[in-house]
Amino acid sequence: MNKTSFMKKLFLVITGILLSLLLLEAGLRMGGFFYLALQDYRNRLEIKKEGAYRIMCLGESTTANQYPNFLEEALSNRIKGIKFTVIDKGIPGTTTDTILENLYYNIKQNKPDMIVAMMGINDRDEKNDLGEDIFKSSKPLYKKLNIYKLFRYLWMNVVKGFSEYKFSVKSPDAQLYINSGNSFTLKKEYKKAEREYKTAAAINPNHPWAYIGLVHCYEALGKHELADKNYKIAVGLDFPLKEWVYIALGNCYLDNKKFKKAEENYKMAAKTNPEAKWAYFSLGCFYGERGEYGKAEEMYKAIIKLNPKDFMAYTGLVDMYKKRYKKGNKDKSLKLINLIRDSFADEKERPGNDKFTLSIIYGLLEVLYKEIDKNELAAKYFSMARNIRLEYFSLSAKANYKKLAQIAQKEQIKLVCVQYPMLPVDSLKNMLDNSDKAVYVDNEKIFREAVEREGYDVYFNDIFGGYFGHCTDKGNKLLAQNIADAIIKEHFEKQNNE
């Protein structure tokens with residue numbers, strides 16, 4: 001299995017969110033520039049397995065190409081006589097709204113016997129009141145595009161300066177060809193991908209992702225002049241959020257190991273919009289992965305300068321710190337602790353404060369205090385974070401979990417609800433009012449004990465959730481095994497006893 005770095009996961013998330021925003025009117029939802037097409041290709045292979053017990057996994061980047069890769073084996077090793085098929089429908093950067101919008105289609109296409117859902121991390125406190133006709137509104141779009149409601153761990157103000165721009169896709173067919181091109185690109189069938197992207201560009205000449213796909217193909221084929229030609233077309237289009245185009249192009253060059261060009265495009269994203277915090281974050285990840293920690297730190301601090309309470313900047317700093325100082329650095333830890341505490345000192349008293357952000361911040365402080373063996377303080381912040389998590393849940397996530405449970409029951413599909421690693425399962429149960437119609441998977445104790453025993457980095461690649469993140473292969477295997485154990489105990493064994 002190919003390992004995906006923290007940086008690449010975030011880039012998949014970033015690109016997927018962009019497309020979800022800009023193509024909302026056409027109903028085109030994508031979860032990563034080159035991800036979903038490959039996922040569909042893999043799922044088609046799984047669905048071809050006749051007579052199998054089908055399990056469909058729903059979620060975002062913590063699901064997509066993560067634990068589902070190991071779940072089938074974990075179940076097959078425990079239960080003989082049943083052939084399992086695991087279908088990965090995770091979409092990087094998505095929310096429960098999008099998951100529910102696609103649910104009936106996914107059920108029809110995949111015909112699952114069981115649904116495993118680990119979702120909600122990208123949802124926010126606010127009620128689910130995002131306007132459906134967002135690109136038809138005459139109001140400034142940044143007043144409608146509340147990114148908090150689309151993804152909670154990227155940055156606020158994604159659309160600042162993007163007012164009154166109406167983007168429309170001439171034909172959804174263009175996106176179908178782009179998806180097909182993505183699939184061929186992932187299989188390194190660049191000639192076929194080129195054909196699909198060219199068709200997409202012919203259908204909609206204003207769709208930059210067609211040209212970005214061509215850049216990727218031509219770079220891979222060594223046709224650099226054609227790559228440059230399509231690059232110029234992509235950046236020359238009258239397109240909102242141009243910085244995202246540069247980020248996507250940076251991803252193309254990064255995938256082709258053209259690191260200098262990748263860096264140049266990420267820098268152009270920041271230059272195009274100096275207030276684009278996600279551009280600085282992309283650079284921070286880029287430098288951090290290349291071991292240029294000083295530059296990475298500068299990028300995260302640039303975000304803090306724009307917004308001292310942007311929690312993603314602090315998660316980036318802590319993640320960079322952990323990579324830079326493998327054995328810890330007391331002075332650096334204390335400076336970072338003081339920076340975080342000073343920035344959020346007034347948050348508890350602020351009316352309407354963001355409880356989710358506070359849980360992230362407390363989680364970061366727990367990690368840092370552990371690094372310098374201040375275990376009592378680490379325990380204090382762990383308790384504070386956990387208490388918030390027990391009380392806090394997104395209203396949209398709760399509503400959508402309930403809808404999911406209702407649909408699963410109606411369609412006679414067994415539902416398994418999975419809590420994220422390190423988080424208390426009771427908050428998940430509360431979303432469904434402790435319904436006995438679902439199987440709940442508790443991943444708090446098993447992961448905390450594993451991390452305490454072997455170390456955080458053994459099980460997680462990053463720390464985007466404050467005290468958990470995207471799993472390593474070992475973390476995903478542990479997660480898959482725990483899910484399999486719960487499925488066997490709470491479903492198959494109970495069936496046998498009835």
For the range 384-423 the number of residues that are buried (at least 16 other Cβ atoms within 10 Å of the Cβ) and outside any helix (DSSP H, G or I) is 13
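Report yes if Asp133 is among the acidic types (Asp, Glu), crowded, with 24+ Cβ neighbours inside 10 Å and at pLDDT below 90, otherwise no.
On the way: among the acidic types (Asp, Glu): yes; crowded, with 24+ Cβ neighbours inside 10 Å: no; at pLDDT below 90: yes.
The answer is no for Asp133.
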If we scan the range 38-48, do we find a residue that is over 14 Å from the mean Cα position of the chain (by Cα), modelled with pLDDT of 55 or more and assigned to a helix (DSSP H, G or I)? no
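Quick one: which residue in Gly16, Gly31, Gly51 is surrounded by fewer than 20 Cβ atoms within 10 Å (Cβ to Cβ) and at pLDDT below 90? So that I can check it myself, show each step before the final result.
Values: Gly16 fails: surrounded by fewer than 20 Cβ atoms within 10 Å (Cβ to Cβ); Gly31 fails: surrounded by fewer than 20 Cβ atoms within 10 Å (Cβ to Cβ).
Answer to the selection: Gly51.
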Pairing a residue in the range 60-73 that is farther than 21 Å from Ala397 by Cα with any residue that is of a type in the set (Asp, Glu), where Cβ atoms lie under 7 Å and the two sit 6 or more apart in sequence or on different chains, gives Asn65/Asp88; Pro68/Asp88
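Between Ala279, Ala270, Ala248, Ala210, which is farther than 30 Å from Ala313 by Cα and small (Gly, Ala, Ser)? Give the derivation first.
Working: Ala279 fails: farther than 30 Å from Ala313 by Cα; Ala270 fails: farther than 30 Å from Ala313 by Cα; Ala248 fails: farther than 30 Å from Ala313 by Cα.
Every option except Ala210 fails the conditions.
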Among the residues of the range 225-258, the number that are of a type in the set (D, E, K, R) and in a loop (DSSP other than H, G, I, E, B) is 3
Scanning the range 89-125 for residues that are charged (D, E, K, R) and crowded, with 24+ Cβ neighbours inside 10 Å, the one modelled with the lowest pLDDT turns out to be Asp123
Given the conditions (1) buried (at least 18 other Cβ atoms within 10 Å of the Cβ); (2) among the hydrophobic types (A, V, I, L, M, F, W, C); (3) at pLDDT below 85, every one holds for Ile340 apart from (3)
Within the range 377-426, residues being more than 22 Å from Ile361 (Cα to Cα) and free of Cβ contacts under 8 Å to residues at least 60 places away in the same chain number 7
Taking the range 439-498 and keeping residues modelled with pLDDT under 95, surrounded by 19 or more Cβ atoms within 10 Å (Cβ to Cβ) and in a loop (DSSP other than H, G, I, E, B) leaves Asn461, Asp462, Ile463, Phe464, Gly465, Gly466, Tyr467, Phe468, Gly469, His470
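On the given criteria, is Lys261 assigned to a helix (DSSP H, G or I), surrounded by fewer than 16 Cβ atoms within 10 Å (Cβ to Cβ) and either hydrophobic (A, V, I, L, M, F, W, C) or at pLDDT 90 or above (or both)? Walk me through it before giving the result.
Values: assigned to a helix (DSSP H, G or I): yes; surrounded by fewer than 16 Cβ atoms within 10 Å (Cβ to Cβ): no; either hydrophobic (A, V, I, L, M, F, W, C) or at pLDDT 90 or above (or both): yes.
Judged against the criteria, Lys261 is not a match.
Kindly indicate the residue of the range 428-438 that is of a type in the set (S, T, N, Q) and assigned to a loop (DSSP other than H, G, I, E, B) and also surrounded by the most Cβ atoms within 10 Å (Cβ to Cβ) among those meeting that condition. Spell out the reasoning first.
Looking only at the range 428-438, we keep the residues that are of a type in the set (S, T, N, Q), and these are 430, 434-435.
If we keep only those that are assigned to a loop (DSSP other than H, G, I, E, B) as well, we get 434-435.
Numbers: Asn434: 11, Ser435: 15.
The residue in question is Ser435.
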Of the listed residues (Ala269, Ala279), the one being surrounded by 16 or more Cβ atoms within 10 Å (Cβ to Cβ), farther than 28 Å from Tyr325 by Cα and either of a type in the set (A, V, I, L, M, F, W, C) or touching a residue at least 60 places away in the same chain (Cβ under 8 Å) (or both) is Ala269
Do we have any residue at all in the range 57-74 that's assigned to a loop (DSSP other than H, G, I, E, B), at pLDDT below 55 and either surrounded by fewer than 16 Cβ atoms within 10 Å (Cβ to Cβ) or in contact with a strand residue (DSSP E or B) (Cβ under 7 Å, 6 or more places away or on another chain) (or both)? no
When every residue in the range 161-199 that is farther than 17 Å from Cys217 by Cα and charged (D, E, K, R) is compared, the one modelled with the lowest pLDDT is Glu164
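The values are calculated or read from the model by the stated rules, or taken from the named source; none is laboratory data. Every value quoted in this text rests on a predicted model; they were computed, and no experiment measured them. Backbone-built Cβ (ideal geometry, glycine too); neighbour counts: all protein chains shown.
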